[in-house]
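Undergrad: Would you mind keeping the following structure in view while I ask a few things?
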Amino acid sequence: MASIYARSTAAVTVRPARPGDVAAIRAIRNHAIEHSTALWTRTLQTPDQAVTWLAAHLERGSAFVAEVDAEVAGFAAYGPWRELDGYRHTVENSVYVREDRHGLGIGSALLTALVTAAREAGHHVMIAGIEAGNTPSIRLHERFGFQVAGTLPEVGTKFGRWLDLTLMRLPLA
Ligand SMILES: CC(C)(COP(=O)(O)OP(=O)(O)OC[C@H]1O[C@@H](n2cnc3c(N)ncnc32)[C@H](O)[C@@H]1OP(=O)(O)O)[C@@H](O)C(=O)NCCC(=O)NCCS
């Protein structure tokens, strides 16, 4: 399944991720680790970890990439929100767009594909855990119908300051 989503100047193709996307996905993730509070770690993902991460997603069809000009410009994925089996109908998402491609509709195109796939897989709720100051991500999720369920103050830290976690929830069924 591939979809075309055109907005602004970018023609975006979203398709399921493939093994060959692993380096591009890792580069986008590691850039976010180094430069932002989107991921609350300063430890970069190794090539082996990236392969393991992608393999789990490929098995359940829960990772997508967006291509612009035949290059991977972003990715989105969902996975279990929590490990205990009682949480099995709830998934957590992640959406990352290359910094030089922000604001072109790529995050929206990825989230459209991701929510559709999670619905088709029969999941019940999608959660987004977002650093409370990440306005672009909170707005993006609001536009898709996610609602803020609450904010947990000072549950994380990075770059020498406390971070608050906003949990957003989208019913899928
Ligand atoms: C959050 C992110 C995925 C959005 O992707 P994007 O391709 O830039 O978003 P889009 O162009 O599809 O914009 C979709 C909506 O997001 C919101 N948005 C995007 N950029 C924004 C900005 N700089 N300020 C405020 N809202 C913004 C808007 O509501 C926008 O819709 P609108 O333009 O119609 O108002 C992207 O900024 C990103 O990858 N950020 C770094 C990683 C990250 O924070 N990931 C999320 C972790 S929870």
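The values are calculated or read from the model by the stated rules, or taken from the named source; none is laboratory data. Please read these numbers as outputs of a predicted model, since none were measured by experiment. Quick reminder, even Gly has a Cβ in these numbers, built from the backbone with ideal geometry, and neighbours come from all protein chains shown. Side chains included, ligands, DNA and RNA excluded: accessible areas come from the protein's heavy atoms. Shrake-Rupley method; radii C 1.70, N 1.55, O 1.52, S 1.80 Å.
Undergrad: Looking at the chain, identify the longest residue range that excludes and avoids all trypsin sites (Lys or Arg not before Pro) in DSSP loops having at most 13 other Cβ atoms within 10 Å.
TA: On the way: sites that count: R42, R82, R88.
Maximal segment without exposed cleavage sites: 89-173.
Undergrad: In segment 3-171, if the dipole is taken from +1 on Lys/Arg beta carbons and -1 on Asp/Glu beta carbons about the Cα centre, which of N30, G156, L170 is farthest to the positive end?
TA: My answer, from the dipole projection, is L170.
Undergrad: Just to verify a number: FRET efficiency for T151 and A70, C-beta to C-beta distance, R0 = 35 Å, to 0.05? Kindly include the intermediate steps, with their values, before the conclusion.
TA: Values: r = 40 Å, r/R0 = 1.13.
Step by step, r from the Cβ atoms, then E = 0.30.
Undergrad: Another question, if that's okay. Can you tell which of A73, L54, Q147 lies farthest toward the positive end of the dipole of segment 3-171, using +1 and -1 charges on the Cβ of basic and acidic side chains (Lys, Arg; Asp, Glu)?
TA: Going by the charge dipole, the pick is Q147.
Undergrad: Still on this structure, I have one more. Divide, for the chain, the radius of gyration over alpha carbons by 2.2 N^0.38 Å, where N is the residue count.
TA: The value comes to 0.99.
Undergrad: If each residue of separation counts as 0.36 nm, what is the full-extension length gain between D85 and V51 once their alpha-carbon separation is subtracted?
TA: Values: separation 34, 0.36 × 34 = 12.24 nm, distance 2.50 nm.
Separation in residues times 0.36 nm, less the Cα-Cα distance, equals 9.7 nm.
Undergrad: Let me ask something else. Take the Cα atoms of segment 78-173, build their convex hull, and give its volume per residue in Å³.
TA: Taking the convex hull of the Cα positions in segment 78-173, it is 108 Å³ per residue.
Undergrad: For segment 1-144, calculate the relative contact order in percent as a whole number, restricting contacts to Cα pairs under 8 Å that are 6 or more residues apart. Each step should come with its number before you reach the end.
TA: Working: 216 pairs, mean separation 32.8, N = 144.
Rounded, it is 23 percent for segment 1-144.
Undergrad: Another question, then. About its Cα centre, what dipole magnitude does the chain give when the only charges are +1 on Lys and Arg Cβ and -1 on Asp and Glu Cβ, stated in debye to the nearest 20?
TA: Values: 17 positive and 17 negative charges, 42 e Å.
With Lys and Arg at +1 and Asp and Glu at -1, about 200 debye.
Undergrad: So how much slack lies between H124 and H102, counting 0.36 nm per residue of separation and subtracting their Cα-Cα distance, in nm?
TA: Working: separation 22, 0.36 × 22 = 7.92 nm, distance 2.92 nm.
The span from H124 to H102 would gain 5.0 nm if fully extended.
Undergrad: Is there a quick way to get the dipole size of segment 74-173? I mean about its Cα centre, with the Cβ of Lys and Arg at +1 and of Asp and Glu at -1; what is the value in debye to the nearest 20? Walk me through the numbers on the way to the answer.
TA: Details: 10 positive and 10 negative charges, 32 e Å.
Value, rounded to 20: 160 debye.
Undergrad: What is the local net charge at G129, summed over the other residues whose Cβ is closer than 13 Å to its Cβ (Lys, Arg +1; Asp, Glu -1)?
TA: Values: positive: R82, R169; negative: E92, E131, D164.
Summing Lys and Arg as +1 and Asp and Glu as -1 gives -1.
Undergrad: Another question, if that's okay. Go through L140, L110, L44 and list them by solvent-accessible area, largest first, probe radius 1.4 Å.
TA: Numbers: L140 30, L110 0, L44 75 Å².
Heavy-atom accessible area, descending, gives L44, L140, L110.
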